[in-house]
1. Classify region 4-146 from the C-alpha gyration tensor, please: rounded if a/c falls under 1.5, else prolate or oblate depending on whether a/b exceeds b/c.
2. Counting only the backbone N, which residues of region 40-67 are under 20 Å from the spot 7 Å out from the Cα of Gln2 toward its beta-carbon?
3. At 7 Å along the Cα-to-beta-carbon direction for both Glu56 and Val31, put a label point, then send me their distance in nm to one decimal.
4. In a Gaussian network model over the chain where Cα atoms closer than 10 Å are linked, find which of Tyr173, Tyr68, Tyr105 has the largest mean-square fluctuation.
5. Given R₀ = 35 Å, what would the calculated FRET efficiency be for Glu38 paired with Glu202, taking r from the Cβ atoms and rounding to 0.05?
6. Can you give the charge dipole size of region 80-246 about its Cα centre, rounded to the nearest 20 debye, using +1 on the beta carbon of Lys and Arg and -1 on the beta carbon of Asp and Glu?
7. Using just the helices of the chain, give the 222 nm mean residue ellipticity in deg cm²/dmol: DSSP H runs with n ≥ 4 each add -39,500 (n - 2.57), and the total is spread over all residues, rounded to 500.
8. Connecting C-alpha atoms closer than 10 Å in a GNM of the chain, tell me which of Gly165, Gly103, Gly22 has the biggest fluctuation.
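Quick note: the coordinates plus some simple rules give every number you see, no bench work behind them. Just so it is clear, the model here is predicted, and its values are computed rather than measured. Neighbour counts are summed over all protein chains in view; Cβ atoms, including those assigned to glycine, are modelled from backbone coordinates with ideal geometry.
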Amino acid sequence: MQRFFVEPYQVLEEEHRITLTGPDLNHMKNVLRMRIGEDVWISDGSEKEYHCTIEEFQEDSAVLHILYAQESQYELPSRIYLFQGLPKGDKMELIIQKAVELGAYAVVPVETRRCVVKLDAKKAQKKVTRWQQISESAAKQSKRMLIPEVKNVMNWKEALAFAKGLDVVLIPYELAQGMKETREILAAIQPGQSVGIFIGPEGGFEEEEVRDAMEAGGKPVTLGKRILRTETAGMTMLSILMYTLESV
């Protein structure tokens, strides 16, 4: 069943009605060619989802009748922020897609010293717009209750300042201590805590960047004896956290 997102003000629960507008309306009518009477799921970013039927198409909206609402448990119990060093090519699109599927709350593109990609303000904004569209598509596909935000591109200093507001910050790093220490760090994360994951670009982090992150409260962790590509490391860390948090 198709899923669409709306803003809370579009949900009139007491009247059993939701109004769908904008790009999702075009997607429903002209791409999916859905008809009156078909069922859909609607999320407004809360913990509640709405099972609806299409009641009417108007010129600039679709009127949906709420059949019932239910509390969902699709979201992780912690908000996870993926700080991703800008990779080459189109790798960021794959990273965002899979990060959303694995439960990331937000993705923060970060310019680090070893980033090959350098974006000016205009190019960065265009990229972020595209990445946000990928996040929305992945959220619909994976039954997310919200659309994870792709933040504006940050430099290293800005990213560390943002991360200071989180409860836990993790840095997968090839020179980190062994698995025992990593297991202890991960086991100490409690549901409800906000978690940041810093992933370097191709070539990884410079030692000075790791020191900066540790001084800001970051904890180095290991992902094993093998060196992972930038597009693999974040997915591995998110998978481990998903399992750890949902097993509590």
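1. On the way: a/c = 2.90, a/b = 1.90, b/c = 1.53.
Prolate is the answer for region 4-146, as a/c is 1.5 or above and a/b outweighs b/c.
2. Once the point is set 7 Å along Cα→Cβ of Gln2, 40-45, 49-67 turn out to lie under 20 Å by backbone N, inside region 40-67.
3. The answer from the label model is 2.6 nm.
4. Tyr68
5. On the way: r = 45 Å, r/R0 = 1.29.
According to the calculation, E is roughly 0.20.
6. Values: 24 positive and 21 negative charges, 105 e Å.
Result for region 80-246 is approximately 500 debye, rounded to the nearest 20.
7. Details: 7 runs with 80 residues, N = 248.
Value at 222 nm, helices only, nearest 500: -10000 deg cm²/dmol.
8. Evaluated over the chain, the most mobile residue of the options is Gly22.
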